[in-house]
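Structure record follows, encoded as structure tokens.
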Amino acid sequence: MPNRIFLTLAGLAGLSSTNSAIAGDPNDPTVVELFQSQGCSSCPPANAVLNSLAGRPDVLALSFAVTYWDQLGWKDTFAHPAYTARQWEYSRAGKRANVSTPQMIINGRGVLVGSNKAQVEAFIRRYDRRTSGPAIAARAGKIAIAGKRLARPANVWLVRYDPRAHQVPIRAGENGGRTLPHKNIVRSLHLVGKWSGGVVTYDIPAALNGSYRTAVLVQDGPGGAILAARKV
């Protein structure tokens, strides 16, 4: 039955039961995560780069607003401790002693500041996943993941993000007096479960806000490489 469910979902989603992703494939987008804060004067250039990627079908651009700038003059209107925790997971996995903003992470592996668009584009090409990961399909409140067995369980994340452009007036702190544009702001991050290979289906709740979009990430443990991703 699980295989039948997956094949049904995969057919409707335009996938096969094996991953056929290629570079620039909308069915398996490159994940670009920006960790930033409205209180950080160095963040607007990286934020502008992420905004420029937000509409690309072959890229899943996600803006995570962190909390550790909130006591320094301006409380970020989108920040959440879970996003700060996610950045720390990347830091620990990469054996880095601290976190900073802006920081952009490509497919869970490539780490850079993110303010230089040409460099970001080069990292997107360099850290493309090719065809190594599992396939993801979605339909009617369910997702299905299929692929070869893993040495250790992967995390399956459900991400809700807001694709609308938000012009945020900043009234204090390092960016006080500026109005900063934001796109693809992450509004929730939920661990759906674990996946170790084979075919597994998961229930996913409907988004509370109809304007939000949904993505699924399969990640090699906390702070590890993104094995697969899909906008659903």
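The values are calculated or read from the model by the stated rules, or taken from the named source; none is laboratory data. Please read these numbers as outputs of a predicted model, since none were measured by experiment. Methodologically, a virtual Cβ is constructed for each residue, glycine included, from the backbone with ideal geometry; neighbour enumeration extends over all protein chains shown.
Across segment 181-211, what is the total count of residues that are assigned to a loop (DSSP other than H, G, I, E, B) and over 19 Å from Phe35 (Cα atoms)? Before you say what the answer is, go through the steps one by one.
Going residue by residue through segment 181-211, those that are assigned to a loop (DSSP other than H, G, I, E, B) are 183-184, 196-197, 204-211.
Adding the requirement that they be over 19 Å from Phe35 (Cα atoms) leaves 196-197, 204-211.
So the count comes out to 10.
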Considering segment 146-159 alone, what residues qualify as being crowded, with 20+ Cβ neighbours inside 10 Å and under 25 Å from Gly55 (Cα atoms)?
-> Val156, Leu158, Val159
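Would you check which residues across segment 137-161 are assigned to a strand (DSSP E or B) and farther than 30 Å from Pro102 by Cα and list them?
We begin by selecting, within segment 137-161, every residue assigned to a strand (DSSP E or B); these are 137-139, 142-147, 154-161.
Within segment 137-161, Ala137, Ala138, Arg139, Lys142, Ile143, Ala144, Ile145, Ala146, Gly147 qualify.
Looking at segment 115-171, which of its residues are farther than 30 Å from Trp74 by Cα and free of Cβ contacts under 8 Å to residues at least 40 places away in the same chain?
We begin by selecting, within segment 115-171, every residue farther than 30 Å from Trp74 by Cα; these are 118, 121-156.
Once the filter is applied, which keeps residues that are farther than 30 Å from Trp74 by Cα and free of Cβ contacts under 8 Å to residues at least 40 places away in the same chain, segment 115-171 yields Ala118, Glu121, Ala122, Phe123, Arg126, Ala140, Ala151.
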Selection over segment 156-196 where residues are among the polar types (S, T, N, Q) and within 13 Å of the chain's Cα centre (by Cα) yields a count of 2
Can you tell me which residue among Leu189, Leu180 is surrounded by 14 or more Cβ atoms within 10 Å (Cβ to Cβ), within 21 Å of Asp70 (Cβ to Cβ), of a type in the set (A, V, I, L, M, F, W, C) and out of contact with any Leu (no Cβ under 9 Å at 6 or more places or on another chain)?
-> Leu180
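Return a yes/no flag: does segment 206-213 have any residue that is crowded, with 19+ Cβ neighbours inside 10 Å and either touching a Leu at 6+ places or on another chain (Cβ under 6 Å) or of a type in the set (Gly, Ala, Ser) (or both). It would help to see each step written out before you state the result.
Taking segment 206-213 and keeping what is crowded, with 19+ Cβ neighbours inside 10 Å, we get none.
The answer is no; no qualifying residue exists.
Can you list the strands (runs of 3 or more DSSP E) lying wholly within segment 36-127 that have 3 or more residues being under 25 Å from Arg171 (Cα atoms) and touching a strand residue (DSSP E or B) at 6+ places or on another chain (Cβ under 8 Å)? Let's see the steps before the verdict.
Values: elements: 59-65, 103-106, 110-112.
Once the strands (runs of 3 or more DSSP E) in segment 36-127 are filtered for at least 3 residues that are under 25 Å from Arg171 (Cα atoms) and touching a strand residue (DSSP E or B) at 6+ places or on another chain (Cβ under 8 Å), what remains is 59-65.
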Select from segment 113-144 the residues that are closer than 30 Å to Pro45 by Cα and in contact with a helix residue (DSSP H, G or I) (Cβ under 6 Å, 6 or more places away or on another chain) and write down the one among them that is surrounded by the most Cβ atoms within 10 Å (Cβ to Cβ).
-> Gly114
So Ala225 clears everything in (1) closer than 23 Å to Ala93 by Cβ; (2) modelled with pLDDT under 95 except one condition, right? Which one?
-> (2)
